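First the structure, in the form of structure tokens, and then the observations on it.
What follows draws every value from the coordinates through simple rules; no lab data is involved. Since we're looking at a predicted model, the values are computed, not measured. So basically every Cβ, Gly included, is an ideal-geometry build from the backbone, and we count neighbours across all protein chains shown.
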Amino acid sequence: MDRTDASLIALRRILRATESFGRELAQSAGMTAVQFRVLQIIAEKGGCTAKEIAQQMRVSQATVTSLVDKLVGQGMVTRTRSETDRRQINIAVTEAGQAAISDAPDALQQRYVRKFETLKDWEQAQLVASLERVAAMLDASDLDASPLLDINEMTRHI
């Protein structure tokens, strides 16, 4: 097998892994990986605003609002108006949301982060450079993307 085919196979394996995780999460937790990440962020912070989530995920506040709408509809989070600033809406995880986090499969990006962080500094730099080069080869360098391993979830199933 030549290097071109080997590289395409590796890319396809990455895509298939993200697709598979998305299906597994949807089946077990009843939500998309992006919705799940929003839920995790809210739980990690002990509650927060849509603006804080948008900043952490590097997406628009409108996108977060849509994701939170879905989570509210599923009973995973609640929205309450701030007592100190009536313009601010605080988002908190419900018991059902905590249960979903506990019962969900290990998130793909968390597995990646754990393994990436065990690499030596030069290996991390080399991997980042290689991945950025692949993105450039696919004319994807300028695409807006959050640090979330999920195929097309920012536009589907929001």
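Where in the chain are the DSSP H helices whose alpha-carbon span along the long axis reaches 15 Å or more and whose Kyte-Doolittle mean is at least -1.0?
Counting only whole DSSP H runs, the qualifying helices are 3-29, 33-45, 61-73, 121-137.
Arranged from highest to lowest average of other beta-carbon atoms within 10 Å per residue, in what order do the peptides 22-32, 101-111 appear?
Going by the mean number of other Cβ atoms within 10 Å, highest first, we get 22-32, 101-111.
Work through the residues other than ALA43 whose Cβ is under 14 Å from its Cβ and net out their charges, Lys, Arg +1 and Asp, Glu -1.
Spelling it out: positives minus negatives among the neighbours equals -2.
In the range 3-137, if the dipole is taken from +1 on Lys/Arg beta carbons and -1 on Asp/Glu beta carbons about the Cα centre, which of ALA129, ILE41, THR84 is farthest to the positive end?
ALA129
Could you tell me which residue out of GLN27, LEU11, THR118 lies farthest along the dipole of the range 3-137 toward its positive end? Charges go on the beta carbon: Lys and Arg +1, Asp and Glu -1, centred on the Cα centre.
Positive-most Cα among the choices belongs to LEU11.
Rounded to the nearest 20 Debye, what is the dipole magnitude of the chain about its Cα centre when Lys and Arg each give +1 and Asp and Glu each give -1 at the C-beta?
Roughly 200 debye for the chain.
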